[in-house]
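The block underneath contains the structure these notes are about, expressed in structure tokens.
The values are calculated or read from the model by the stated rules, or taken from the named source; none is laboratory data. Everything numeric here is computed off the predicted structure, so don't read it as measured data. Here the Cβ positions follow ideal geometry from the backbone for every residue, glycine too, while neighbour counts run over all protein chains shown. SASA here: full protein model, heavy atoms, side chains in, ligands and nucleic acids out. Shrake-Rupley method; radii C 1.70, N 1.55, O 1.52, S 1.80 Å.
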There are 2 protein chains.
Amino acid sequence: MSESPARPDGPLSALPAAELTAFHRAQEAAYAELRAAGLKLDLTRGKPAAAQLDLSDGLLTLPRGTTDSGGTDVRNYGGLEGLRDLRAIFAELLGTPVEQLVAGDNSSLVMMRSVLSYLWLHGGVTSERPWSAEEKVTFVCPVPGYDRHFTLLDWFGIDTVTVPMNDDGPDAEAIAELVAHDPTIKGMWLVPTYANPTGTITSPAVAERLASMPTAAPDFTIFWDNAYALHHLTEEETASADILGLAEAAGNPHRPIVFASTSKITYAGAGVGFLAASTDVVKWYTTHLGKGAIGPDKVNHLRHAQFFGSADGVRAHMVKHRELIAPKFDAVDRILTERLGGLGVAEWKVPVGGYFFSLDVLDGTAARVVQLAREAGIALTPAGASFPKGLDPRDRNIRLAPTFPPPEEVARAMEGVTTCVLLAAAEKLLDANG
Amino acid sequence: MSESPARPDGPLSALPAAELTAFHRAQEAAYAELRAAGLKLDLTRGKPAAAQLDLSDGLLTLPRGTTDSGGTDVRNYGGLEGLRDLRAIFAELLGTPVEQLVAGDNSSLVMMRSVLSYLWLHGGVTSERPWSAEEKVTFVCPVPGYDRHFTLLDWFGIDTVTVPMNDDGPDAEAIAELVAHDPTIKGMWLVPTYANPTGTITSPAVAERLASMPTAAPDFTIFWDNAYALHHLTEEETASADILGLAEAAGNPHRPIVFASTSKITYAGAGVGFLAASTDVVKWYTTHLGKGAIGPDKVNHLRHAQFFGSADGVRAHMVKHRELIAPKFDAVDRILTERLGGLGVAEWKVPVGGYFFSLDVLDGTAARVVQLAREAGIALTPAGASFPKGLDPRDRNIRLAPTFPPPEEVARAMEGVTTCVLLAAAEKLLDANG
């Protein structure tokens, strides 16, 4: 790539018309060069890199033996709640009593759909009827959020209402206002620690408000998807708010259901999913589970328990992940700052954990940026993906997932993305001027 | 146990009253002795024995490497249809094109519930509407059948209508008559090869009739649960009827959905489930699956593919299972014959495959036999379990599962069971006389 075109000193929108035109031309030239380079790069999905997966290859020759510490043969049927040895390790990490934690198969997403199915067909422990018997079911969705959460709601025909994701978590006052009066609002999604895609940490104060707020629906449920609870990008290892404890203290013990998994700790496709909730909700879950399942893969549970040995074993393992991926996040921030800082065409926060960067570009240009990038061989998550139905009302949010490609590809892709952001912004501003 | 009481020469019902009274007293004494022995034996569930699980312990140090033959990293996300290397092996065994076979997680039962969920909420490829939007949904259930199938129907609120299981499979004429006129009949269960619990093999002629019969419901679906397809108890390895091919030839390609698993081939809790169907139905399945799942445990798929190497590898493995469990089935038959043969108080067929003995005792005594056995420390599947809602209209069927206990325990348990059968029969006949 040739030298970047001259960089303005201040906001692009403040440029005189002639300079903006020249800037636009320069970006067109830079973009033409980018296309000519014939890249094939991908920042779409939050997938671990091969080097991260390698960290867990000790699993390949485990377990040693086939019985757990209680003498159960892990190869046979049974044990809906999962292997206690493994649950004990993750109960400590997730801050929940081991009796309230279930270990499942390889996907917490599958557990989320199961919970929704049980609620849909039978209702929960505080429900008056199955959710399918309600005239309408609505979920509160903090945005930007996780696209697969929204896909699940669509699949069930569940309606959505969005609230902003603030710096300390979802806008709890807005949520409290909504749920106080609307009995069709049955639940909400939340990725509490290192949110997807914003990286936001939900504060204990916000969590307490969500746990204690009065709700018109008796069975309002918080889907507390703590997928990144242990995925710190700095040495500060923020503990998640204790949503189960807060809900119990507030007299709403059955409100939250916690999900977690080792998908981004060990193997993305062959890890272990977890569910935690009140004792009654766990019983409700395993009862419905048992109507169509005999037990999870306990061999994989024992494999994981032996691989880690203890909660500290998991913590030490996560440091190795951090060492591999933190430089990629640093590269994204460095390139965004160098190329876009101060130009008033993009905003982002540097995440301190999780798997994503949430980039807000100039209103009305996100779809254009993604299109330009795609045509230049850089795959980005579709614009709007972080919103229900894929509709970002301001068309400004782009989710960047830098973990999977090698560091040099992350940098090259981000150079390209910033060129696309600048070109789209120049187009937009010229259009507004003209 | 002391010597058995004198054994009548012919049917118990033909005994003169005094002899029947003496026989009853002798059985009471035998039963008292049985209780005094303080047994703790279990013939309830179709679980592999530890020695069978040992056959697959090669899995514990597999896979070698982490990529499949196509170069896919099995550790990461993706691949809803499962690993092709493994699907190729089981496609050959199940007689289906590999493109029409999906490999899932550790349970075909879970796949059955998923299929029912998709049908319930969205309808299938030949449905006019979701099944939940029908006024009523009914399933045909050949009886005796598999209790977990009936539990699933209960969970969805699906009604049942029973048909007899004949020697060549379910009563196809009775089914054809039912489905021709009743559009609420949306599906049927069938364990086609070595049925649970009768061991019946569904003949190609019966399968053809089921595949081709006209149905009032356009989306009538055969849940072809081929759990024991490869579980031969003799050297004759009966091939299952080719239901997919028959249905396609009959112009009803989307009617059957085939399920299978390695739960009783490798590890009961850590095997691989399979689903096969028409290309359209497979696409329908993976599309709905993908709304709430990212992919199955492909590491376990690769582990299994390497462990077996080929379809012949699976066949050779199944011979080892047979060598372990056939003697247990022989013991059950031997003891039943010795102690009950010719007395007119029990009927059974010797299964040539599968996991169960289906024992029909004197009408109205099954529940009593199970109770007597339980009080003597021998756990049997509850009487009626092989019927929808657990209701056996003749109260005569008992499912015996001899695979799990060691051979000497199977024999001891069966000695006890036959004592209970004789005592219950004597009670019944005395009662009828008096």
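Residues of A:286-296, mean number of Cβ from any other protein chain within 10 Å of their own Cβ, rounded to a whole number?
On the way: counts 0, 0, 1, 2, 2, 8, 14, 7, 10, 5, 6.
Per-residue shielding by partner chains comes out at 5.
Region B:69-108 and region B:378-398 have Cα centres lying 37 Å from one another. Counting only alpha carbon atoms, the long axis of helix B:279-289 and the longest principal axis of chain B meet at about 90°.
If both residues of a DSSP beta bridge must be in the protein assembly as shown, then about 50% of such bridges are antiparallel. Residues A:THR418, B:THR160, sorted by accessible area with the largest first, give B:THR160, A:THR418 [1.4 Å probe; ligands and nucleic acids excluded].
Take each residue in A:112-120, count the other chain C-beta atoms within 10 Å of its C-beta, and the mean is 3. Across all C-alpha atoms in region A:76-310, the radius of gyration and Dmax reach 16.7, 50 Å. The figure for B:ARG84 is an accessible area of roughly 120 square angstrom, using a 1.4 Å probe on the protein chains alone.
Residues of region B:149-186 that lose at least 20 Å² of accessible area (1.4 Å probe, protein heavy atoms only) when the other protein chains are present, relative to their chain alone, are B:THR151, B:TRP155. Rounded to the nearest 10 degrees, the inclination of helix A:84-94 to the longest alpha-carbon principal axis of chain A is 50 degrees. Between B:ASN433 and B:LEU80, the contour length at 0.36 nm per residue exceeds the Cα-Cα span by 120.7 nm. Counting only helical runs of four or more DSSP H residues, what would the 222 nm mean residue ellipticity of chain A come to if each run contributes -39,500 (n - 2.57) and the total is spread over all its residues? For chain A, the value works out to -13000 deg cm²/dmol. Accessible surface for the protein assembly as shown, divided over its residues, is 37 Å² per residue with a 1.4 Å probe.
Quick one: pull the percent of accessible area on region B:76-310 belonging to carbon and sulfur, 1.4 Å probe, ligands and nucleic acids left out. Mind showing how you got there, number by number?
On the way: 3560 of 7240 Å².
Its accessible area is 49 percent carbon and sulfur atoms.
Across identical copies of the chain, B:GLU173 has label-point separations of 7.8 nm, listed in ascending order, with the point defined 7 angstrom from Cα along Cα→Cβ.
Beta bridges per DSSP, both residues in chain B: antiparallel share near 50 percent.
Straight Cα distances below 17 angstrom link A:LYS328 to the aspartates and glutamates A:ASP42, A:GLU235, A:GLU338, A:GLU408, A:GLU409, A:GLU415, with same-chain residues fewer than 8 positions distant left out. The long axis of helix A:298-308 is offset from the longest Cα principal axis of chain A by roughly 60 degrees. Both numbers refer to the Cα atoms of the protein assembly as shown; Rg and Dmax are 30.9, 119 Å.
Rounded to the nearest 5, what % of DSSP beta bridges with both residues in region B:199-345 are antiparallel? Counting only bridges with both partners in region B:199-345, antiparallel ones make up about 50 percent. Here B:LEU430 yields copy-to-copy label distances, from shortest upward, of 10.4 nm, the label point defined as 7 Å from Cα along Cα to C-beta.
Please state the charge dipole magnitude for region A:76-310, taken about the Cα centre, from unit charges on C-beta atoms (+1 on K and R, -1 on D and E), reported in debye and rounded to the nearest 20.
Working: 14 positive and 27 negative charges, 183 e Å.
Result for region A:76-310 is approximately 880 debye, rounded to the nearest 20.
A 18 angstrom limit on the alpha carbon distance is what I want to check against. Which of A:LYS264/A:LYS320; A:LYS136/A:LYS186; A:LYS298/B:LYS283; A:LYS47/A:LYS264; B:LYS47/B:LYS320 exceed it? Exceeds cut-off: A:LYS298/B:LYS283. Rounded to the nearest 100, the interface formed by chains B and A buries 4300 square angstrom of accessible surface, both chains summed, with a 1.4 Å probe. For region B:57-82, a drop of 20 Å² or more in accessible area on going from the chain alone to the assembled protein chains (1.4 Å probe) is found at B:LEU60, B:THR61, B:PRO63, B:THR66, B:ARG75, B:ASN76, B:TYR77.
Ordered from highest to lowest accessible area with the whole protein assembly present and a 1.4 Å probe, A:TRP348, B:TRP224 read as A:TRP348, B:TRP224. Across chain B, counting alpha-carbon atoms alone, Rg and Dmax equal 23.2, 79 Å. The solvent-accessible area of B:HIS321, taken with every protein chain present and a 1.4 Å probe, is close to 10 Å². Remark: label point of B:PRO218 defined 7 Å out from Cα along the Cα-Cβ vector; separations to the same position in other copies 4.1 nm, ascending.
Just reorder B:ASP330, B:ASP219 by solvent-accessible area, largest first, 1.4 Å probe, all chains present. Walk me through the numbers on the way to the answer.
Numbers: B:ASP330 100, B:ASP219 5 Å².
Final ranking, largest accessible area leading: B:ASP330, B:ASP219.
Between the alpha-carbon centres of region B:321-360 and region A:184-257 there is a gap of 56 Å. Solvent exposure of B:ARG394, expressed as accessible area, is near 120 Å², computed with a probe of 1.4 Å over the protein chains only.
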